[in-house]
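The structure appears below as structure tokens.
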There are 2 protein chains.
Amino acid sequence: MAKNFIGIDLGGTNLRAAVINEAGAILGQARTETMAKEGPAAVLKRLAIVARGAVEEAGLDTTDIVACGVGSPGPLDADEGVVLFSPNLPGWQDVRVAEEMTRAIDVPTYLENDANAAGWGEFWMGAGRGATEMVIYTLGTGVGGCVIVDGKLHRGRDQMAGHLGHAILVPDGRRCNCGARGCVEQYCSATAVAREAQTATERGLDTGLEDLKISEIDARAVSEAALAGSEYCAELLARTGRYLGIAVATAVNILDPQIVVVYGGMAAAGDILLGPCRRAMHEHALSPARERVKIVSAELDEKAGVVGAAGLALMRQEAAEAAAKAPEPVSERDASAETRY
Amino acid sequence: MAKNFIGIDLGGTNLRAAVINEAGAILGQARTETMAKEGPAAVLKRLAIVARGAVEEAGLDTTDIVACGVGSPGPLDADEGVVLFSPNLPGWQDVRVAEEMTRAIDVPTYLENDANAAGWGEFWMGAGRGATEMVIYTLGTGVGGCVIVDGKLHRGRDQMAGHLGHAILVPDGRRCNCGARGCVEQYCSATAVAREAQTATERGLDTGLEDLKISEIDARAVSEAALAGSEYCAELLARTGRYLGIAVATAVNILDPQIVVVYGGMAAAGDILLGPCRRAMHEHALSPARERVKIVSAELDEKAGVVGAAGLALMRQEAAEAAAKAPEPVSERDASAETRY
């Protein structure tokens, strides 16, 4: 019998859930508003409701589900399944999401950060299908990232790997929320693009965005205006794409991936953004990697999070079952050998 | 019986060879000058001579050797064992080092780029012992690098991973030999430091290097002068360390390693270089990775190359034997699954 998994995308605004089988097919979906201001207990209840809703849509029962994955903003501890805190989820402090959800829906639940979930979704069933080495940039409120090495999610020593948005792009550059200066996020996020377009429009420049309220000007509006012929918006996206391409060149020279995926509303601008990005990458990365690596838009859009959360739950459940069967845990590399020079 | 391996470090100036057992102990060593200007055929002959010399020093015969590893400057194709060309080895064009050496010494020989060999040496038997996630910066003529992920050398899709010296540090910055602008190498290599100290000394600044001929001023001289009290040299190394620390922060935020190893003559300056490097990393990397990652000097110095070349030969010989035993080669990830949204 096919194995089925639940994937949940816990966002600051929306909760999405889907039931996905081991081949990656979506069998049922559900969504609701997060209503984050009601606090963690209320949101956890809605997580369980939306999960059950997706299971029902799929014509299944929770007893048909092998495992559940929740992609959440962080910082979080994926091993322990705990959201440590989150700027977009008021009142969240050390919330034991995996444990609470495991109890509420009686399905083993795993927690992942949202960028890794979306990245794994694109790797498994989206733009990264067939690759073994991939990086993804998620251009949103910030810039998220995910690194796939040798077909596996690269978590790093402290689950801190993949923060491509906090690579340093400009030494002593713009101040970032993380405390550093010059992070990629300050030049390439939807927020950074929106802020620049808002300021230019307020100053009376010919941005093509004059019909919108200032607060309505977001990166998607900039993309649409660029596609509709706004020179200002096209130039802003070209500049953003060039910055992104320099950041991508660094990732290519360090990781040598097959594919670089760009995710988020801005990617709708297509070559207006990705053309300058590809050119800047080519100017800054080494040959032959720069000729062979592909920079492409994401394919799954808002589905990437639920697909990836389910896919990672599949991986982790398999690993947990394998570990339960193994006679002894695999030990860390032996550091006690005595050979010295 | 213990398994023994030959490691060779093919440099533009010197050839070093060592016999190393599977526990990493050095059993015998030999070295000679490369005399690179005599061309590839002559250098290949000397490679075989120095390899046999190390075997003799170890009191062994080549029939006691399981495999041989050669660390070489590149670009090269490690799989095929071919040096494509090399700026430091005149006349080298598509030289089939692995094949020629296998024939000459009758021991299966593998080729690696020199930065990976030195990095693997430090990982296996030096500063990285006991780690599973490591990066190394080799501050020499250029800046080399090596990335270890999950206890394995990370080669990337086209064997182009690990070029940490070509991460982009300063957009539109100094022109690099690779064709890009702003590479780490242009700010942190021994060459960059020497050039700056030479220029300052020529201009009559109080560098503490006035007793040397301009051509004698190298990064090691700058380190020694800084340790002897030269304010100019200390400030130059502090600036270099700060640049390196910003580059390291990017690597930490992408890879989250346990340990960052700094290799090369400049590392002799110790905290004069590494203190500002650690501070800049801490200012630019995310918590908790920045608190936990260690930035340390290499331990094996010029032995790292031969140790790592032997260690990688060990890994590759084991992989070759395992592949020969396996009934079928492991296929690439199946990209033909039909599920689509």
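The values are calculated or read from the model by the stated rules, or taken from the named source; none is laboratory data. Treat the numbers as computed from the prediction; the structure is a model and nothing was measured. Virtual Cβ from ideal backbone geometry, glycine too; neighbours counted across all protein chains shown.
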Quiz item: Can you name every residue in region B:60-85 that is touching a residue at least 40 places away in the same chain (Cβ under 8 Å), buried (at least 21 other Cβ atoms within 10 Å of the Cβ) and among the small types (Gly, Ala, Ser)?
Solution: B:ALA67, B:GLY69, B:GLY71, B:SER72, B:GLY74
Quiz item: Which is buried (at least 20 other Cβ atoms within 10 Å of the Cβ), more than 25 Å from A:LEU153 (Cβ to Cβ), in contact (Cβ under 8 Å) with a residue 12 or more places away in the chain and outside the structural domain of A:ASP158 (by TED's automatic domain parsing), of A:ALA54, A:ALA36?
Solution: A:ALA36
Quiz item: If you go through region A:134-171, how many residues are of a type in the set (Asp, Glu) and touching a helix residue (DSSP H, G or I) at 6+ places or on another chain (Cβ under 7 Å)?
Solution: 1
Self-check item: Evaluation of A:ARG174 against (1) under 26 Å from A:MET134 (Cα atoms); (2) touching a Phe, Trp or Tyr at 6+ places or on another chain (Cβ under 9 Å) (one fails), failing number
Solution: (1)
Exercise. Inspect region B:193-211 for any residue being in the same structural domain as B:ALA238 (by TED's automatic domain parsing) and either within 16 Å of B:GLY264 (Cα to Cα) or touching a Lys or Arg at 6+ places or on another chain (Cβ under 6 Å) (or both) and give the result as yes or no.
Key: yes
Quiz item: For B:ILE20, are the conditions met, namely being within 14 Å of chain A (Cβ to nearest Cβ), touching a residue at least 60 places away in the same chain (Cβ under 8 Å), over 15 Å from B:VAL97 (Cβ atoms) and not charged (D, E, K, R)?
Solution: yes
Quiz prompt | When residues of region A:163-182 are limited to those that are free of Cβ contacts under 8 Å to residues at least 60 places away in the same chain, in a loop (DSSP other than H, G, I, E, B) and at the interface with chain B (Cβ under 7 Å from one of its Cβ atoms), the one nearest to B:SER287 (Cα to Cα) | solution = A:CYS178
Quiz item: Are any of the residues in region B:215-225 crowded, with 24+ Cβ neighbours inside 10 Å, away from chain A (no Cβ under 14 Å), more than 27 Å from A:ARG181 (Cβ to Cβ) and touching a Gly at 6+ places or on another chain (Cβ under 6 Å)?
Solution: yes
Quiz item: Any idea how many residues of region B:157-174 are touching an Asp or Glu at 6+ places or on another chain (Cβ under 7 Å) and at pLDDT 95 or above?
Solution: 3
Quiz item: Among the residues of region A:94-132, which ones are farther than 22 Å from A:ASP61 by Cα, more than 14 Å from every other protein chain (Cβ to nearest Cβ) and surrounded by 23 or more Cβ atoms within 10 Å (Cβ to Cβ)?
Solution: A:VAL95, A:GLU112, A:ASP114, A:ALA117, A:ALA118
Quiz item: Quick one: in region A:257-269, which of the residues that are out of contact with any Leu (no Cβ under 9 Å at 6 or more places or on another chain) and either buried (at least 24 other Cβ atoms within 10 Å of the Cβ) or of a type in the set (A, V, I, L, M) (or both) is nearest to the other protein chains (Cβ to nearest Cβ)?
Solution: A:PRO257
Practice problem: Go through the residues of region A:133-156 one by one and say whether even a single one is in contact with a Lys or Arg (Cβ under 7 Å, 6 or more places away or on another chain) and crowded, with 18+ Cβ neighbours inside 10 Å. | Solution: yes
Quiz item: Looking at region A:181-191, which of its residues are aliphatic (A, V, I, L, M) and surrounded by 23 or more Cβ atoms within 10 Å (Cβ to Cβ)?
Solution: A:VAL184
Quiz item: Could we say that A:GLY145 is in a loop (DSSP other than H, G, I, E, B), within 14 Å of A:PRO75 (Cα to Cα) and in contact with a strand residue (DSSP E or B) (Cβ under 9 Å, 6 or more places away or on another chain) here?
Solution: no
Practice problem: Taking only region B:92-106 into account, find how many residues are more than 20 Å from B:PRO73 (Cβ to Cβ) and aromatic (Phe, Trp, Tyr). | Solution: 0
Quiz item: When B:ALA42 is evaluated against the numbered criteria (1) within 15 Å of B:ALA309 (Cα to Cα); (2) surrounded by fewer than 17 Cβ atoms within 10 Å (Cβ to Cβ); (3) of a type in the set (A, V, I, L, M, F, W, C), which criterion, by number, is the only one it fails?
Solution: (1)
Practice problem: Go through region A:82-96 and count every residue that is of a type outside the set (A, V, I, L, M) and within 18 Å of A:THR141 (Cβ to Cβ). | Solution: 6
